[in-house]
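The values are calculated or read from the model by the stated rules, or taken from the named source; none is laboratory data. What you are looking at is a predicted structure, and each value in this text was computed from that prediction instead of being measured. A quick note on method: Cβ atoms are made from the backbone with ideal geometry, for glycine too, and the neighbour counts reach across all protein chains shown.
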Amino acid sequence: MSRSLHIFNPSNLTFPKQPYPKPSSNRRLPATTFSPKLISIKASTSSDPNSSTSPQVLISNNGTGAGGILSSTPQDNDTPPSQSITSDSSSIEVDAVTEAELKENGFRSTRRTKLVCTIGPATCGFEELEALAVGGMNVARINMCHGTREWHRRVIERVRRLNEEKGFAVAIMMDTEGSEIHMGDLGGASSAKAEDGEIWTFSVRAFDSHRPERTVNVNYDGFAEDVKVGDELLVDGGMVRFEVMEKIGPDVKCRCTDPGLMLPRANVTFWRDGSLVRERNAMLPTISSKDWLDIDFGIAEGVDFIAISFVKSAEVITHLKSYIAARSRDSDIAVIAKIESIDSLKNLEEIIQASDGAMVARGDLGAQIPLEQVPAAQQNIVQICRQLNKPVIVASQLLESMIEYPTPTRAEVADVSEAVRQRADALMLSGESAMGQYPEKALAVLRSVSVRIEKWWREEKCHEAMELPVVGSSFSDSISEEICISAAKMANNLGVDALFVYTKTGHMASLLSRCRPDCPIFAFTSTTSVRRRLNLQWGLIPFRLSFSDDMEGNLNKTFSLLKVRGMIKSGDLVIAVSDILQSIQVLIVP
Ligand SMILES: Nc1ncnc2c1ncn2[C@@H]1O[C@H](COP(=O)(O)OP(=O)(O)OP(=O)(O)O)[C@@H](O)[C@H]1O
Ligand SMILES: CC(=O)C(=O)O
Ligand SMILES: [K+]
Ligand SMILES: [Mg+2]
């Protein structure tokens, strides 16, 4: 075989073109053809019957800010960006890191893919949390499988303090334990190594201080009855495997067939003749009594998301949502369905429809379906979520090797790229940030890979042609959807700098995010909790801002406030939509 020498130029690397290439951008039309409010397309029905053009006090557009309330803090390269937080009606609140990024690199390079970090012993301190926030963490996840409620309360308190003192808007996601089978906590040891051929005992007995060597607890009482000699036992989705040799009362003796490291509370599944066995444990409730206590804890602490493990049906989600609604009237906690079991795949659409978002929990999913089916399941879940307008998180083992090593494998980088290319809303770190050696480095890899792929799209003008079905039930909802689809398309075709959306509930912002437009979406909302929740969604830059029913006034106020902060400038081209006035406006920042 003959080989010709060629020079490798990484910048020539391109991804295959998407089916619908973007028409060449003609974004800088002569400025004279634009008046500040060039087009206003108004639908004949307004979503808000009370919407009026009530008089409103405008913040003067003189570039000095509203009475000096808003002073943007000078950025010091050595210290994390910070800002003073006021909830004054004439102020605007935005994530300190995003603000710095916008000022430095402009709209185009802001990251669209959101990042979730699991907080564990490696990252629970205030300084570590701050480092993650500076590094781009949008959501902090606490996993109720591990640690005490008191431990989690302290983490929540630190994240809140970080938000208040340093101007971040990191949301908190609480992840329930669920009632699947898992091992005990290894008596305080950080891990246990199982070697090939060793005999280990899996027992449902309770051990007080003295746990015999090579013995682990299993949390499910029916375990010893359900397994059969010859079954294959998978720890942590198959990271370690055993064969069941003998049953002696509550003890199950197993021989290690695939050696590896077992972590505390790792999950346990057993397989017979090549498929997962679900005996009586299939009857266990999705939300255990311990989970209900954790959920009460989450509601009391005002977490932003509750992720439910091992969801089997839509009913459990609906039930939980009404439970939350009855107990937390003033804040709205979003419920995320974790797709990690065969049952959840069977009822996928109904589950996602009932939820406020989903997680592709590949760790446990890979223990329930053959590994080679996980990528297709991931793609399917991501696509359904997008169609149903629900945010989706791709989770587990994205950078597993970084638990121990400072550099990811090439395969891991490819996996992260693929999730970004599927346009998932968010990527999640688990052990990498919870107990790994390099949490900040792992986060930096997620960030740089996301930004790189997103840049490729812009360079290659890759639009993704996905049919977006009507998801709303009312006529008014359908109008909002059409407006967002049109606005996103216009934004791409005109090459605008940013989409602005004024939204009370966040719904209109999510509809725009669903279109995955080229430009960032500035989402203005009046409540802090909606703002935090929007942090999980692709491409959204959530701001807290008080606004009125007068869009003209809102726009002037926003332009003024953002200009003072150096986040936009005269001449920037913006498309604005709102759920106050169902309209699309194309504007040049005055
Ligand atoms: N709060 C915590 N305290 C101690 N260790 C933790 C904590 N959170 C996570 N970890 C460690 O990090 C590892 C990975 O975290 P992860 O959240 O993926 O848990 P998991 O046990 O795999 O369960 P899940 O299926 O819910 O993700 C855990 O196995 C555990 O060792
Ligand atoms: C995240 C999670 O629960 C899993 O991957 O199993
Ligand atoms: K969990
Ligand atoms: Mg899981």
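Just a few scattered comments:
- Residues (under 17 Å from residue 176 (Cβ atoms) and in a helix (DSSP H, G or I)) located in segment 141-165: 149, 151, 152, 153, 155, 156
- Close pairs (6 angstrom Cβ cut-off, 6 or more residues apart or separate chains): within 9 Å of ligand 1 (Cβ to nearest atom) and at pLDDT 95 or above in segment 395-407, in a loop (DSSP other than H, G, I, E, B) and not hydroxyl-bearing (Ser, Thr, Tyr) anywhere: 403/436
- Scoring residue 131 on the criteria (1) surrounded by fewer than 22 Cβ atoms within 10 Å (Cβ to Cβ); (2) touching a Ser or Thr at 6+ places or on another chain (Cβ under 6 Å) leaves a single failure, condition (2).
- Contacts under 6 angstrom Cβ, first residue in segment 304-322 being among the small types (Gly, Ala, Ser), partner assigned to a strand (DSSP E or B), 6 or more apart: 307/173; 307/175; 307/336; 307/338; 307/359; 309/338
- Only residues that are modelled with pLDDT under 95, of a type in the set (D, E, K, R) and in contact with a Ser or Thr (Cβ under 9 Å, 6 or more places away or on another chain) were counted across segment 292-339, and they come to 3.
- Qualifying residues in segment 307-318 (those that are closer than 22 Å to residue 172 by Cβ and either of a type in the set (Phe, Trp, Tyr) or in a helix (DSSP H, G or I) (or both)) - the one nearest to ligand 1 (Cβ to nearest atom): 310
- When 377, 395 are checked against the criterion of being within 16 Å of ligand 3 (Cβ to nearest atom), surrounded by 17 or more Cβ atoms within 10 Å (Cβ to Cβ) and within 23 Å of residue 182 (Cβ to Cβ), 395 stands alone in meeting it.
- Test: residue in segment 399-413 that is in contact with a Lys or Arg (Cβ under 6 Å, 6 or more places away or on another chain), crowded, with 24+ Cβ neighbours inside 10 Å, among the hydrophobic types (A, V, I, L, M, F, W, C) and not in a loop (DSSP other than H, G, I, E, B): no
- In segment 307-321, of all residues being in contact with a strand residue (DSSP E or B) (Cβ under 9 Å, 6 or more places away or on another chain) and within 8 Å of residue 351 (Cβ to Cβ), the one that is farthest from ligand 4 (Cβ to nearest atom) corresponds to 314.
- Residue in segment 383-390 that is within 16 Å of ligand 4 (Cβ to nearest atom) and β-branched (Val, Ile, Thr) present: no
- Within segment 391-429, the only residue that satisfies the criterion of being among the small types (Gly, Ala, Ser), touching a Ser or Thr at 6+ places or on another chain (Cβ under 6 Å) and more than 16 Å from ligand 4 (Cβ to nearest atom) is 401.
- Once segment 432-473 is narrowed to residues that are in contact with a Pro (Cβ under 9 Å, 6 or more places away or on another chain) and outside any helix (DSSP H, G or I), the residue that is surrounded by the fewest Cβ atoms within 10 Å (Cβ to Cβ) is 465.
- Residue within segment 355-378 that is of a type in the set (Lys, Arg) and within 30 Å of residue 478 (Cβ to Cβ) present: no
- Of all residues in segment 345-374, those being outside any helix (DSSP H, G or I) and either within 16 Å of ligand 4 (Cβ to nearest atom) or buried (at least 20 other Cβ atoms within 10 Å of the Cβ) (or both) number 8.
Yes or no, residue by residue, for (1) under 21 Å from residue 103 (Cα atoms); (2) over 24 Å from the mean Cα position of the chain (by Cα):
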{"position": "472", "(1), (2)": "no, no"}
{"position": "479", "(1), (2)": "no, yes"}
{"position": "502", "(1), (2)": "no, no"}
{"position": "505", "(1), (2)": "no, no"}
{"position": "510", "(1), (2)": "no, no"}
{"position": "519", "(1), (2)": "yes, no"}
{"position": "536", "(1), (2)": "no, no"}
{"position": "541", "(1), (2)": "yes, no"}
{"position": "545", "(1), (2)": "yes, no"}
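- Taking segment 483-509 as the range and being closer than 15 Å to residue 580 by Cα and either surrounded by fewer than 22 Cβ atoms within 10 Å (Cβ to Cβ) or among the small types (Gly, Ala, Ser) (or both) as the test, the residues that pass are 504, 505, 506, 507, 509.
- Among the residues making up segment 138-151, a single one is more than 16 Å from ligand 2 (Cβ to nearest atom) and surrounded by 22 or more Cβ atoms within 10 Å (Cβ to Cβ): 138.
- Given (1) under 19 Å from residue 516 (Cα atoms); (2) in a helix (DSSP H, G or I), index of the condition residue 390 fails: (2)
- Hits in segment 417-445 - residues which are under 14 Å from the mean Cα position of the chain (by Cα) and either of a type in the set (Ser, Thr, Tyr) or under 18 Å from residue 363 (Cα atoms) (or both): 419, 424, 426, 427, 428, 429, 430
- On the stretch given as segment 291-315, residues that are more than 16 Å from ligand 2 (Cβ to nearest atom) and more than 21 Å from the chain's Cα centre (by Cα) total 7.
- Test: residue in segment 339-346 that is within 27 Å of residue 235 (Cα to Cα) and within 18 Å of the chain's Cα centre (by Cα): yes
- Residue identified as away from ligand 2 (no atom under 16 Å from the Cβ) and crowded, with 23+ Cβ neighbours inside 10 Å among 168, 107, 126: 168
- Condition check for residue 578: surrounded by fewer than 21 Cβ atoms within 10 Å (Cβ to Cβ) and polar (S, T, N, Q): no
- Considering segment 479-584, the qualifying strands (runs of 3 or more DSSP E), each wholly inside and each with 3 or more residues that are under 22 Å from residue 463 (Cα atoms), run over 498-502, 521-525, 573-578.
- Within segment 341-366, residues that are more than 19 Å from residue 139 (Cα to Cα) and acidic (Asp, Glu) sit with their Cβ atoms under 6 Å from residues that are assigned to a loop (DSSP other than H, G, I, E, B) and within 14 Å of ligand 2 (Cβ to nearest atom), at 6+ positions apart or across chains, in these pairs: 364/340.
- Any hit, segment 187-197, residues being more than 29 Å from residue 438 (Cβ to Cβ), more than 33 Å from the chain's Cα centre (by Cα) and surrounded by 13 or more Cβ atoms within 10 Å (Cβ to Cβ): no
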